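K.L.:
Here it is, the structure, as structure tokens.
Every read-out reported here was derived from the displayed coordinates using simple, explicitly stated rules and does not represent laboratory data. No experiment lies behind these values; they were computed from the predicted model shown. A quick note on method: Cβ atoms are made from the backbone with ideal geometry, for glycine too, and the neighbour counts reach across all protein chains shown.
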Amino acid sequence: MIEYLQNDDILIRLRNEKRDIDMQIKRLEARQDVLKDKMVKDYLEDGVLPDSEMIHIRKVPQSVIFTDESKVPEKFFKVKKELDKKSLNEAVKQGEQIDGVTLSNGGWTVAIRG
């Protein structure tokens, strides 16, 4: 039981560290976008290429931007086939035999209130 609580404390600390790291990543990505935009702007205005052989600037082809998806004709949509797990669960619990489906044995969970 003590080990469980210790592990729980470690998990909380690691999740907090991950949150902090994720925030740092977002800030760095935003900074990279600013720097990238500046390099492209300098290149387009002055023809100045970045001072590195590792960085290359190239034109990207046009892509579609959706301004109102509800106005796009149906022929441009894909239909995704997805199982209705809730209905399957209810049907199997009521005794219906469905090929490829079975019920688990369930299990237990432990909740720590702090």
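K.L.:
Among Asp84, Asp46, which is the only one that is over 28 Å from the mean Cα position of the chain (by Cα) and either surrounded by 10 or more Cβ atoms within 10 Å (Cβ to Cβ) or without any contact (Cβ under 8 Å) to a residue 40 or more places away in the chain (or both)?
P.N.:
Sole residue among the options that is over 28 Å from the mean Cα position of the chain (by Cα) and either surrounded by 10 or more Cβ atoms within 10 Å (Cβ to Cβ) or without any contact (Cβ under 8 Å) to a residue 40 or more places away in the chain (or both): Asp46.
K.L.:
Okay, moving on. Taking the range 25-61 as the region of interest, how many residues are of a type outside the set (Lys, Arg) and not in a loop (DSSP other than H, G, I, E, B)?
P.N.:
16
K.L.:
Determine if the range 27-35 includes at least one residue that is over 30 Å from Ile112 (Cβ atoms), free of Cβ contacts under 8 Å to residues at least 60 places away in the same chain and in contact with a helix residue (DSSP H, G or I) (Cβ under 8 Å, 6 or more places away or on another chain).
P.N.:
No: the range 27-35 contains no residue that is over 30 Å from Ile112 (Cβ atoms), free of Cβ contacts under 8 Å to residues at least 60 places away in the same chain and in contact with a helix residue (DSSP H, G or I) (Cβ under 8 Å, 6 or more places away or on another chain).
K.L.:
If you don't mind, there's one more thing I want to ask. Filter the range 49-81 down to the residues that are more than 30 Å from Ser104 (Cβ to Cβ) and aliphatic (A, V, I, L, M), then identify the one that is farthest from the chain's Cα centre (by Cα).
P.N.:
Looking at the filtered set, the residue picked out is Leu49.
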